[in-house]
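Quick note: the coordinates plus some simple rules give every number you see, no bench work behind them. None of these values were measured; they are calculated from a predicted model. Glycine also receives a Cβ, built like all others from the backbone with ideal geometry; neighbour counts cover every protein chain displayed.
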Amino acid sequence: MFNKNIYEFPILYTNPIPKIALGWGSYETIANECRANHIKKALITTSGLKGTGIIDEVKVVLKNGGIACEVFDSITSNPKDHEIMKCYRVFKDTGCDGIVAVGGGSSIDVGKCIRAIDANGGRDVGNFAAKLNPPWMETLARLNPCVIPQISVPTTSGTGAEVTSWAAISNTRERAKVLIGAPNIHSTVAVIDPLFMRLQPKKLAAWTGFDAMSHGFEAFLTKVQSPYSYGILMRAIELIYKNIREFTHNRMNRDACEKMCWASTMGGIAIGFGAGAGIVHGLGHQLSAVTDCHHGHVNGALVLGAERYNQPAAIEKFAAMTLAMGIDTTGMTQLEMADRWFDEMEQLLHDIEIQPGYLAEQYGFKEEDIDHIYNVYANDFCSQGNPKELIEVEVKDLLKSLLDAPY
Ligand SMILES: [Fe+2]
């Protein structure tokens, strides 16, 4: 028998990318996009975005365009399975036929879940989690494709959820953050408006911006990276590195705001070009499930320690990312260039006011949860592409070392 398995990942699969409308004032096209996708009554999924006026503005656009709507505004960060099932019941009870998701990744991902649940007989969302065991591609293959259209309108420049084919949610029974997938789960249209993005508070601009940076470096470092993702990630890393500081501290800077919008979407697209994520997202997801900490913030807390773990397996890629950031590397060896990436990340975290490490003090994370975190992560499909093989004792030591120290 001919052995075809010459590579760990012999076939690259890309995820579909939605139609994208990106630009100042693009939110005014939301009703047109609803009509084009036959939405007559939309459920707006959102956290409420209190104090911004964004939801009122979207409702006016829908009304003027002849689209009826209901609002479900109790979505929280790290959206919980029971919130999602409640939102699904509202969707059914109010006779909606489409989703308009307005907010950060949570609001967009809840919209995706509603559509997956609806296409699959109203089953609990936990059934659609992508795990290594049972194999996630077999789980996905058994699901019906989503048919309800979704217009996604991000208000944070970070998650890229508007263009990915996954939804990150908290399974409260398993104390785990899981990635939900189903055929056709990606947004139908992504409407990305810098006018909304500039209304983020400083800390969200920093935290979600660092999430975008994490998509850049994790998708680049992963073993399943491809030439498709290479180019887009190099540019995304450059744009984020050069604009995240300015945008964090001056959200009214038009240029920095727009570039963060482009870059955060590019990170999401690259994940869908087969690149995926790795140990920072994998461990960060589970820390969020246990402590409810913010996804982008915890990525920042983990990055220095977790990527030092990966460094020996990806020296060339760390060096390439230093070059992409525009650092003068004249005279440096490849190892020095790779080390420089860590120096730059440490300075960046300082400048956008994210404290590395100190997981106990920052999030109330406890040593007794380390075994649980490792076990869930080891069965998460994020662990599959991490550049360095997972060695249980080393990963647990890594988490222990970050409890009360920066890295
Ligand atoms: Fe992320």
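Across region 20-80, the relative contact order, built from alpha-carbon pairs under 8 Å that are at least six residues apart, equals 43 percent.
For region 227-344, the percent of C-alpha pairs falling in each 5 Å distance bin, counted from 0 to the bin holding the largest distance, reads 2, 11, 16, 20, 24, 17, 8, 2, 0.
Excluding same-chain neighbours fewer than eight residues apart, the aspartates and glutamates reachable from Lys50 by a Cα-Cα span under 17 Å are Glu70, Asp73. The order of Val189, Val60, going from fewest to most other C-beta atoms within 10 Å of their C-beta, is Val60, Val189.
Residues whose amide H lies under 5 Å from that of Ala176, counting only those 5 or more places away or on a different chain, are Asn171; hydrogens are built 1.01 Å from N in the peptide plane.
Compared with the dominant Cα axis of the chain, that is its longest principal axis, helix 81-93 is turned about 20°. A P(r) calculated from all alpha carbon pairs of the chain, with 10 Å bins opening at zero, reads 5, 24, 34, 25, 10, 2, 0 percent.
Only helical DSSP H runs with n ≥ 4 go in: add -39500 (n - 2.57) per run for the chain, normalise by residue count and round the 222 nm mean residue ellipticity to 500 deg cm²/dmol. Intermediate results must be reported in sequence, preceding the final value.
Details: 16 runs with 197 residues, N = 407.
It comes out at -15000 deg cm²/dmol, rounded to the nearest 500.
Wrap a convex hull around the Cα atoms of region 127-201, take a quarter of its surface area, and give that in square nanometres. For the Cα atoms of region 127-201, the hull's average projected area reads 6.2 nm². Rounded to whole numbers, the Karplus 3J(HN,Hα) couplings from phi for region 301-317 are 5, 8, 4, 5, x, 5, 7, 4, 4, 7, 3, x, 8, 8, 3, 4, 6 Hz, using 6.51 cos²θ - 1.76 cosθ + 1.60 with θ = phi - 60°, and x at Gly and Pro. Of all DSSP beta bridges in the chain, what percent run antiparallel (nearest 5)? Looking only at bridges with both residues in the chain, the antiparallel portion is about 25 percent. Karplus-derived 3J(HN,Hα) values for region 109-119, using 6.51 cos²θ - 1.76 cosθ + 1.60 with θ = phi - 60°, are 5, 5, x, 4, 4, 4, 5, 5, 5, 4, 6 Hz; glycine and proline are entered as x.
Summing Cβ point charges (Lys, Arg +1; Asp, Glu -1) relative to the Cα centre of the chain gives a dipole of roughly 1360 debye.
Prolate is the label for region 19-197, because a/c, from the alpha-carbon gyration tensor with a ≥ b ≥ c as root eigenvalues, is 1.5 or above and a/b exceeds b/c.
Work out the FRET efficiency for Ala360 and Lys41 from their Cβ-Cβ distance, taking R0 = 45 Å, and round it to the nearest 0.05. Don't jump to the answer; show the numbers that get you there.
Values: r = 47 Å, r/R0 = 1.05.
Calculated transfer efficiency: 0.45.
This ranking places Lys59, Lys177 by how few other beta-carbon atoms lie within 10 Å of each, fewest first, which gives Lys59, Lys177. Annotation: amide H of Lys131 within the under-5 Å range of Trp136, sequence separation 5 or more or interchain, hydrogens built in the peptide plane.
Rounded to the nearest Å, what's the spacing between the alpha carbon centres of region 28-92 and region 354-400? Just the number, please. When both Cα centres are located, 35 Å separates them. Net charge in the neighbourhood of Cys34 (other residues with Cβ under 14 Å of its Cβ; Lys, Arg +1, Asp, Glu -1) is +2.
If you take every residue apart from Gly385 with its C-beta less than 14 Å away from the C-beta of Gly385, what net charge results, scoring Lys and Arg +1 and Asp and Glu -1? Walk me through the numbers before you get to the answer.
On the way: positive: Lys223, Lys317, Lys388; negative: Glu8, Glu218, Asp380, Glu389.
Computed value for this residue: -1.
Please determine, in degrees from 0 to 90 and to the nearest 10, the orientation of helix 202-221 with respect to the longest principal axis defined by the Cα atoms of the chain, where the helix direction is its Cα long axis. With rounding to tens, the tilt is 60 degrees. Pairs from the list Lys112/Lys223; Lys41/Lys242; Lys177/Lys223; Lys86/Lys400 with a Cα-Cα gap above 31 Å: Lys41/Lys242; Lys86/Lys400. Under 5 Å between amide hydrogens, built in the peptide plane, is the criterion, and for Ala168 it picks out Ile180 among residues at least 5 positions away or on other chains. With bins 10 Å wide beginning at 0, the percent of Cα pairs of region 202-401 falling in each bin runs 9, 37, 38, 14, 1.
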